[in-house]
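Enquirer: Before I ask anything, here is the structure I am working with.
The values are calculated or read from the model by the stated rules, or taken from the named source; none is laboratory data. Nothing here was measured: the structure is a model prediction, and the numbers come from that model. Please note: Cβ atoms are built from the backbone with ideal geometry, for glycine as well, and neighbour counts cover all protein chains shown. We work out accessible area using only protein heavy atoms, side chains counted, and drop any ligands, DNA or RNA first. Shrake-Rupley method; radii C 1.70, N 1.55, O 1.52, S 1.80 Å.
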Amino acid sequence: MIKEISPNKIKDCIPYSSDPQMAMVLASIIEGNTRAQFWQATQSANSSVCLLWDKGNNVVYLLGDTLSPEATQELAHLISTQIKEQAVQEELVRFDVRALSPALEEAIPRIFQGVEFHQTSKLFYVLRQDRILTQAVPTKAAVQYALIDQAFLEQDHLQHLQYLKAEIVAMWPSQTTFCERGFGYAALVADTIVCWCTAEYVSAKTCGIGIETIQEYQGKGIATATATHFVAHCLEHNITPYWECNSHNSASIRVAEKVGFERIQKSAFWKGMFQC
């Protein structure tokens, strides 16, 4: 039997994962800093399989070791009806799937019936413990850096502010929640935001990183400098930052390594899309 469970009860259903990327996501969801829905399908022999829909990065996680035919049918029905309908309504039709066991990964086509997938991989980094930050200097002159807080987000005259706000709302339950529990840094040239680095998947002592640079300002060292400001804030507040990116995103990989992150994980993800 499958039932939906409040995300803040996840820790009662599954232990904190030894998988570092999954542990970061679970901790943030449990603390209410990332929107999610969670279902548990009970199987025989006191085993269960769980489906976690992380609505921050729009990833469906499958957790468990084995999958019975009955649970497969229940999950397939849940996805083809409730989850698909909500995904269409919330404009989340493009999604990723990650299965945390070989049996669940093999079952993805049976669970997501009619969805075409292609495999990709993501890299997960943590800041080196011996990292001593030095100030990164961008090649573009006249760049200023500012802490992203409520006062910053109220400066409606700033160009590209709408894109920064959109990313915050996508990753957090609300802009208010971000201002209460999150943080970030922005790079500005005059009144134009040219790069922003924001906390996501935040829990008591860890956080992920979201970073974006306006195209015409890419390749000038601004992303590295902005991320350095962000990481300095993390270290000052005893927060361990993590960095996640697609394995083919060479620009993001270069920035992560320049700032002082080291890779600790490479995971398989499957990209799919619901047909409306």
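Enquirer: Among Cys276, Tyr242, Asn57, whose Cα projects farthest towards the positive end of the dipole of the chain, with charges put on the beta-carbon of Lys, Arg (+1) and Asp, Glu (-1)?
Expert: Tyr242
Enquirer: Mind computing the radius of gyration and Dmax over the alpha-carbon atoms of the range 21-130? Å is fine for both.
Expert: 14.6, 49
Enquirer: What's the extension gain from Glu106 to Gln215 if we count 0.36 nm per residue and subtract their Cα-Cα distance?
Expert: 35.4 nm is the gain from fully extending Glu106 to Gln215.
Enquirer: Ok, one more. Using +1 on the beta carbon of Lys and Arg, -1 on that of Asp and Glu, and nothing else charged, what's the dipole of the range 146-276 about the Cα centre, debye to 20? Mind dumping the intermediate values first?
Expert: Numbers: 9 positive and 13 negative charges, 109 e Å.
The calculated dipole for the range 146-276 is roughly 520 debye.
Enquirer: A further question follows. Taking amide H positions as placed in the peptide plane 1.01 Å from N, state which residues far from Ile214 in sequence (5 or more) or on other chains have amide H under 5 Å from it.
Expert: Cys195
Enquirer: If each DSSP helix of 4+ residues adds -39,500 (n - 2.57) and the sum is divided by the residues in the chain, what number results at 222 nm, nearest 500 deg cm²/dmol? Intermediate values should be presented prior to the final figure.
Expert: On the way: 11 runs with 87 residues, N = 276.
After summing the helix terms and dividing by residue count, I get -8500 deg cm²/dmol.
Enquirer: Place a point 7 Å from Cα of Ser17 in the direction of its Cβ. Which residues in the range 143-182 have their backbone N less than 19 Å from it?
Expert: 171-172
Enquirer: Right, something else. Tell me which lysines have Cα within less than 28 Å of Lys165's Cα, excluding those fewer than 8 residues away on the same chain?
Expert: Counting by Cα, and skipping residues close in sequence, Lys165 has these lysines nearby: Lys55, Lys84, Lys122, Lys140, Lys205, Lys220, Lys258, Lys271.
Enquirer: How far is it, in nm, from the label point at Gln144 to the one at Ser47 when both lie 7 Å from their Cα along the line to the Cβ?
Expert: Modelled inter-label distance: 6.0 nm.
Enquirer: Same structure again: So how far apart, in nm, are the two label points at Ala170 and Ile264 if each is 7 Å from Cα heading toward Cβ?
Expert: A separation of 2.6 nm, rounded to one decimal place.
Enquirer: Would you mind putting 5-11, 30-36 in packing order, based on average other-beta-carbon counts within 10 Å, highest first?
Expert: Ranked by mean Cβ neighbours within 10 Å, highest first: 30-36, 5-11.
Enquirer: Among Thr192, Gln144, Ile214, whose Cα sits farthest toward the positive end of the charge dipole of the range 125-276 (+1 at Cβ of Lys/Arg, -1 at Cβ of Asp/Glu, about the Cα centre)?
Expert: Result: Ile214, furthest along the dipole toward the positive end.
Enquirer: To the nearest 10 Å², what's Arg181's accessible area with a 1.4 Å probe?
Expert: Here the accessible area works out near 120 Å².
Enquirer: If you line up the Cα atoms of the range 104-244 on their principal axes, what length do they span on each, largest first, in Å?
Expert: Computed over the Cα atoms, the extents are 54, 38, 32 Å.
Enquirer: Report the antiparallel proportion of the DSSP beta bridges in the chain as a percent, rounded to a multiple of 5.
Expert: Rounded to the nearest five, the antiparallel share is 90 percent.
Enquirer: Please compute the contact order of the range 175-261 in relative form: average sequence separation of alpha-carbon pairs under 8 Å and at least six residues apart, divided by the residue count, as a percent.
Expert: With pairs under 8 Å counted, the relative contact order is 24 percent.
Enquirer: Dipole size in debye (nearest 20) for the chain around its Cα centre, Lys and Arg Cβ +1, Asp and Glu Cβ -1?
Expert: 500 debye
Enquirer: A further question on this structure: Taking one equal scatterer on every alpha-carbon of the range 173-276, how large is log10 of I(q)/I(0) by Debye at q = 0.15 1/Å?
Expert: With one equal scatterer per Cα and no solvent, log10 I(q)/I(0) is -0.70.
Enquirer: Another question, if that's okay. How high is the relative contact order of the chain, in percent, counting Cα pairs under 8 Å that sit 6 or more residues apart?
Expert: RCO, the chain: 24 percent.
Enquirer: Send over the Kirkwood Rh of the range 149-197, from the inverse of the averaged 1/r over different Cα pairs, rounded to one decimal Å.
Expert: About 10.9 Å, per the Kirkwood formula over Cα pairs.
Enquirer: Also, I was wondering about something else. Which of these, Glu105, Glu180, Glu262, has the largest mean-square fluctuation under a Gaussian network model of the chain (Cα springs below 10 Å)?
Expert: Evaluated over the chain, the most mobile residue of the options is Glu180.
Enquirer: Also, I was wondering about something else. Gain in length, Ala151 to Phe117, computed as 0.36 nm per residue apart minus the alpha-carbon separation, to one decimal in nm?
Expert: Extra length from Ala151 to Phe117 when fully extended: 8.0 nm.
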